[in-house]
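Report on the following structure.
The values are calculated or read from the model by the stated rules, or taken from the named source; none is laboratory data. Model, not experiment: these values are computed from the prediction. Positions of Cβ are generated from backbone atoms using ideal geometry, with glycine treated the same way; all protein chains shown enter the neighbour counts.
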Amino acid sequence: MYPNPAHGVLTVDLSEVNDDITELKLSDLGGREVLRTKAERPLTKVDVGALPAGLYLLQAASPGKVYRRRVAVE
């Protein structure tokens with residue numbers, strides 16, 4: 001995922017992930033979901049421009065596996 005920190009658009013690269021990921025979820029550190037979008041392969045562009053600056057948790061789930069990464073929005 002890049003850039004991190006993000007300034008409007010976050011690009012999530014799923015080209016090296018072999019799992020069947022269909023959805024991405026972005027939550028604040030309090031656990032509240034702030035954004036959900038369909039995952040596109042190989043790259044998904046996520047518009048984070050309307051989000052307040054801060055740290056968020058990006059989650060990509062497939063059957064039996066969950067990937068999580070922290071992302072900063074500026």
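The conditions of being without any contact (Cβ under 8 Å) to a residue 40 or more places away in the chain and either on the phi < 0 side of the Ramachandran plot or not basic (Lys, Arg) (or both) are not met by Pro5.
Pairing residues of segment 51-74 that are among the aromatic types (Phe, Trp, Tyr) with residues that are not in a strand (DSSP E or B), at Cβ distances under 6 Å and at least 6 apart in sequence or on separate chains, gives no pairs at all.
Only residues that are farther than 25 Å from Ala53 by Cα and either hydroxyl-bearing (Ser, Thr, Tyr) or in contact with a strand residue (DSSP E or B) (Cβ under 6 Å, 6 or more places away or on another chain) (or both) were counted in segment 7-43, giving 5. Only one of Lys38, Lys45, Lys25 is over 18 Å from Pro5 (Cα atoms) and touching a Leu at 6+ places or on another chain (Cβ under 9 Å). Can you tell me which? Lys38 is the lone residue from the list that is over 18 Å from Pro5 (Cα atoms) and touching a Leu at 6+ places or on another chain (Cβ under 9 Å).
Yes or no, residue by residue, for (1) loosely packed, with under 12 Cβ neighbours inside 10 Å; (2) out of contact with any helix residue (DSSP H, G or I) (no Cβ under 7 Å at 6 or more places or on another chain); (3) modelled with pLDDT under 90; (4) not acidic (Asp, Glu):
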position: Leu10; (1), (2), (3), (4): no, yes, no, yes
position: Leu14; (1), (2), (3), (4): no, yes, yes, yes
position: Leu24; (1), (2), (3), (4): no, yes, no, yes
position: Leu29; (1), (2), (3), (4): yes, yes, no, yes
position: Thr37; (1), (2), (3), (4): no, yes, no, yes
position: Glu40; (1), (2), (3), (4): no, yes, yes, no
position: Thr44; (1), (2), (3), (4): no, yes, no, yes
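Quick check: is even one residue across segment 55-64 loosely packed, with under 12 Cβ neighbours inside 10 Å and of a type in the set (Gly, Ala, Ser)? Within segment 55-64 (the criterion being loosely packed, with under 12 Cβ neighbours inside 10 Å and of a type in the set (Gly, Ala, Ser)), the answer is yes, since at least one residue qualifies.
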